[in-house]
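Engineer: This structure is in structure tokens; I'll ask about it shortly.
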């Protein structure tokens, strides 16, 4: 076994590898950029080496610097994590040539599966189902139209070196095929330096289901069941689960056998994933093989009880797998939500900055599968959080937007969904926006609950974006009752303040009005009667419209996370003051829905109705930054006339280039920000006459 390994990555996956290495008694070396000097993976590792400036191309993507760091620290092996150099055949080969061990597949396996056209040919030879199509590079749009007709519409036009949704178009007719081929080839050339394009049959109502495989250097390969990854937004996975709620045991077995056959065909030695597209009739076709650890590997760990990182390390050290396919049983159901620093209410734009508050739900199972003292049975069957951040730390704009992966394991799918909804309720993130409300909405959607979804689910139901109206609480009056309960509790504390003047002492009146504040300025008044309030026990019966909400909670005032019971059922919610804009308001969030309200005495509520509504300022004459980021370019100058849709500025954030365009025709009055400036949300960039 290795004595020291280097992790050529950052963030949650670097922390994940470090945890398993420590369990195995292996010392760890972290590498980091200047932006990650204070990152969690640097703190957790035994040693750390600075690679260079923040941009990945000057740090995490420089093979020479990573290998030099391994030499400098005496590391015997390198774990690449995922992303960056994890599927770089040249890097894997270079590591081997330097006498180090690459904790992943051999370079020739990466090369064989890295080219989509070559990998499809190999899959065919291994008798793996492949999608009907033309697997040779296509030379012209006219040829693309001819081939598409032969295959039969709809077809998918794909760049051979593509990934992450780039270089991909769906064509339903000749015109789509002609235009799609041209744009695909141009995009592939610009993004990957490789303009080869091929065409395959487009599977309608497709599901994305992948098989986890594990192989060793002794010829053993097994499959660790499947993961359902169909909930995707713009080809990026959002929620993953294991097993799939869709496929039958017969289909599962056939997919697993074919995945193993493909892995054996390339002498695969490590953890890897064979991705399939599955049709509504459970027909399945090979998509690609990811020759690395997947982001969603924890759900497989939950249902198998295996630590995949541990077996990557053991296989790289030459150990044989001690289990056969028949030994691998499924246990329960697991779901993973990717918690990202993005604002779902602003079309998922990146959100960078300081994590003022970061309090994930309490973990009851762990990445390295070490049972905690108070959970001796195995450490499985609860909540797990894989993260590379901490409270007070920064979410930098140079890398991806992931804050954490939230994983739950339940007895069955319904139990896992319930656990995940509660875990999301308990996840407190402040300082940056997160996609937690969106995740909550997806979990509550009846189509998700029934398992009736495919890769087009999010585009179909949230194609015009995501708004607060998409998160409808199943009982909005529960939120009103919580606000009244907290206000009554605060009033009770005020009674105990000494020095109050006789005749003006604080009083606790049983009748209140909860005024829900809407974003459009409208107010919604709810008369509330509180009876049987017991401050010591933290109990009250809150009556709204004849309904009783018997709430009990001993959560202290000021704590954001509120736990308790309502009518005997446990709940977890987030309750806090409304912030700088509405300091007197109470904000309540539960199951993805959020409400801001004033809790007033009846007389004050009546007076509030007389207050005029202040309209928001007119900002139509300004171009505002929709996100925090670096102003990479300004393409206009004062006095310039612009047309609707014309490019005005470019903002870089989290590895993405965001182009801002004019909403309407106009004339530039003033440029208010400079190229190279770091912008905050809603900062004016350009004003118009």
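Engineer: Which of the residues spanning segment 79-124 are more than 27 Å from the chain's Cα centre (by Cα), within 19 Å of residue 259 (Cβ to Cβ) and crowded, with 21+ Cβ neighbours inside 10 Å?
Structural biologist: 109, 112, 119, 120, 123
Engineer: Right, next: Residues being crowded, with 16+ Cβ neighbours inside 10 Å and either assigned by TED's automatic domain parsing to the domain that holds residue 341 or in a loop (DSSP other than H, G, I, E, B) (or both): count how many of those fall in segment 636-676.
Structural biologist: 4
Engineer: Looking at 450, 434, can you tell me which residue is under 18 Å from the mean Cα position of the chain (by Cα) and on the phi < 0 side of the Ramachandran plot?
Structural biologist: Step by step, each of 450, 434 is checked, and only 434 is under 18 Å from the mean Cα position of the chain (by Cα) and on the phi < 0 side of the Ramachandran plot.
Engineer: Hey, does segment 127-136 have a residue that's buried (at least 18 other Cβ atoms within 10 Å of the Cβ), touching a helix residue (DSSP H, G or I) at 6+ places or on another chain (Cβ under 8 Å) and at pLDDT 95 or above?
Structural biologist: Yes; the residues of segment 127-136 include at least one that is buried (at least 18 other Cβ atoms within 10 Å of the Cβ), touching a helix residue (DSSP H, G or I) at 6+ places or on another chain (Cβ under 8 Å) and at pLDDT 95 or above.
Engineer: Would a scan of segment 357-366 turn up a residue that is in contact with a helix residue (DSSP H, G or I) (Cβ under 6 Å, 6 or more places away or on another chain) and either assigned to a helix (DSSP H, G or I) or at pLDDT 95 or above (or both)?
Structural biologist: Yes, some residue in segment 357-366 is in contact with a helix residue (DSSP H, G or I) (Cβ under 6 Å, 6 or more places away or on another chain) and either assigned to a helix (DSSP H, G or I) or at pLDDT 95 or above (or both).
Engineer: Looking at segment 577-618, which of its residues are assigned to a loop (DSSP other than H, G, I, E, B) and either touching a helix residue (DSSP H, G or I) at 6+ places or on another chain (Cβ under 6 Å) or under 24 Å from residue 427 (Cβ atoms) (or both)?
Structural biologist: Within segment 577-618, 578, 579, 580, 581, 582, 585, 591, 592 qualify.
Engineer: Next up: What is the one condition in (1) closer than 22 Å to residue 270 by Cα; (2) surrounded by fewer than 21 Cβ atoms within 10 Å (Cβ to Cβ); (3) more than 25 Å from the chain's Cα centre (by Cα) that residue 64 does not satisfy?
Structural biologist: For residue 64, the failing item is (1).
Engineer: Sticking with this one: Taking into account only those residues within segment 276-306 that are surrounded by fewer than 23 Cβ atoms within 10 Å (Cβ to Cβ) and in contact with a helix residue (DSSP H, G or I) (Cβ under 7 Å, 6 or more places away or on another chain), which is farthest from residue 228 (Cα to Cα)?
Structural biologist: 288
Engineer: Then there's this: With part of a strand (DSSP E or B) and modelled with pLDDT of 95 or more as the only criterion, which of 276, 198 stands out?
Structural biologist: That would be 276, the only listed residue that is part of a strand (DSSP E or B) and modelled with pLDDT of 95 or more.
Engineer: On to the next question. Tally the residues that are under 30 Å from residue 468 (Cα atoms), in a loop (DSSP other than H, G, I, E, B) and in contact with a strand residue (DSSP E or B) (Cβ under 8 Å, 6 or more places away or on another chain), restricting the search to segment 302-347.
Structural biologist: 1
Engineer: Would you check if there is a residue in segment 602-620 being closer than 28 Å to residue 345 by Cβ, crowded, with 16+ Cβ neighbours inside 10 Å, modelled with pLDDT of 90 or more and in contact with a strand residue (DSSP E or B) (Cβ under 6 Å, 6 or more places away or on another chain)?
Structural biologist: So far as segment 602-620 goes, no, none of its residues is closer than 28 Å to residue 345 by Cβ, crowded, with 16+ Cβ neighbours inside 10 Å, modelled with pLDDT of 90 or more and in contact with a strand residue (DSSP E or B) (Cβ under 6 Å, 6 or more places away or on another chain).
Engineer: Also, I was wondering about something else. Restrict the check to segment 165-176 and report whether at least one residue is in a helix (DSSP H, G or I), outside the structural domain of residue 275 (by TED's automatic domain parsing) and under 21 Å from residue 235 (Cβ atoms).
Structural biologist: Yes, that holds for at least one residue.
Engineer: Related question: Provide a single number: the residues in segment 146-164 that are free of Cβ contacts under 8 Å to residues at least 60 places away in the same chain, surrounded by fewer than 21 Cβ atoms within 10 Å (Cβ to Cβ) and outside any strand (DSSP E or B).
Structural biologist: Residues meeting the conditions: 8.
Engineer: Within the bounds of segment 309-323, is there any residue that is under 23 Å from the mean Cα position of the chain (by Cα), within 23 Å of residue 402 (Cβ to Cβ), surrounded by fewer than 23 Cβ atoms within 10 Å (Cβ to Cβ) and at pLDDT 95 or above?
Structural biologist: no
Engineer: Please go through segment 21-38 and give me each residue that is surrounded by 24 or more Cβ atoms within 10 Å (Cβ to Cβ) and touching a residue at least 60 places away in the same chain (Cβ under 8 Å), ordered by number.
Structural biologist: Within segment 21-38, 21, 36 meet the criteria.
Engineer: Same structure, new question: For residue 652, only one of the following conditions fails: (1) without any contact (Cβ under 8 Å) to a residue 60 or more places away in the chain; (2) farther than 26 Å from residue 518 by Cβ; (3) in contact with a strand residue (DSSP E or B) (Cβ under 6 Å, 6 or more places away or on another chain). What is its number?
Structural biologist: Among (1) without any contact (Cβ under 8 Å) to a residue 60 or more places away in the chain; (2) farther than 26 Å from residue 518 by Cβ; (3) in contact with a strand residue (DSSP E or B) (Cβ under 6 Å, 6 or more places away or on another chain), residue 652 violates only (1).
Engineer: Okay, next question. Could we say that residue 208 is on the phi < 0 side of the Ramachandran plot, part of a strand (DSSP E or B) and either modelled with pLDDT of 95 or more or within 15 Å of the chain's Cα centre (by Cα) (or both) here?
Structural biologist: So residue 208 fits the description; yes.
Engineer: Is segment 356-372 home to any residue that is out of contact with any strand residue (DSSP E or B) (no Cβ under 9 Å at 6 or more places or on another chain), surrounded by 16 or more Cβ atoms within 10 Å (Cβ to Cβ) and closer than 26 Å to residue 18 by Cβ?
Structural biologist: Yes, because at least one residue in segment 356-372 is out of contact with any strand residue (DSSP E or B) (no Cβ under 9 Å at 6 or more places or on another chain), surrounded by 16 or more Cβ atoms within 10 Å (Cβ to Cβ) and closer than 26 Å to residue 18 by Cβ.
Matching residues to (1) in the same structural domain as residue 407 (by TED's automatic domain parsing); (2) under 16 Å from residue 455 (Cα atoms); (3) within 22 Å of the chain's Cα centre (by Cα):
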| position | (1), (2), (3) |
| --- | --- |
| 214 | no, no, no |
| 217 | no, no, no |
| 225 | no, no, no |
| 241 | no, yes, yes |
| 246 | no, yes, no |
| 253 | no, no, no |
| 269 | no, no, no |
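Engineer: Filter segment 538-562 for residues that are under 21 Å from residue 491 (Cβ atoms) and in contact (Cβ under 8 Å) with a residue 60 or more places away in the chain; which is surrounded by the fewest Cβ atoms within 10 Å (Cβ to Cβ)?
Structural biologist: Here the answer is 557.
Here's the yes/no breakdown for (1) more than 21 Å from residue 422 (Cα to Cα); (2) surrounded by 11 or more Cβ atoms within 10 Å (Cβ to Cβ); (3) at pLDDT below 90; (4) in contact with a strand residue (DSSP E or B) (Cβ under 8 Å, 6 or more places away or on another chain):
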| position | (1), (2), (3), (4) |
| --- | --- |
| 445 | no, yes, no, no |
| 475 | no, yes, no, no |
| 491 | yes, yes, yes, no |
| 496 | yes, no, yes, no |
| 502 | yes, no, yes, no |
| 508 | yes, yes, yes, yes |
| 513 | yes, yes, no, yes |
| 518 | yes, yes, yes, yes |
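The values are calculated or read from the model by the stated rules, or taken from the named source; none is laboratory data. All values derive from a computational prediction rather than experimental measurement. So basically every Cβ, Gly included, is an ideal-geometry build from the backbone, and we count neighbours across all protein chains shown.
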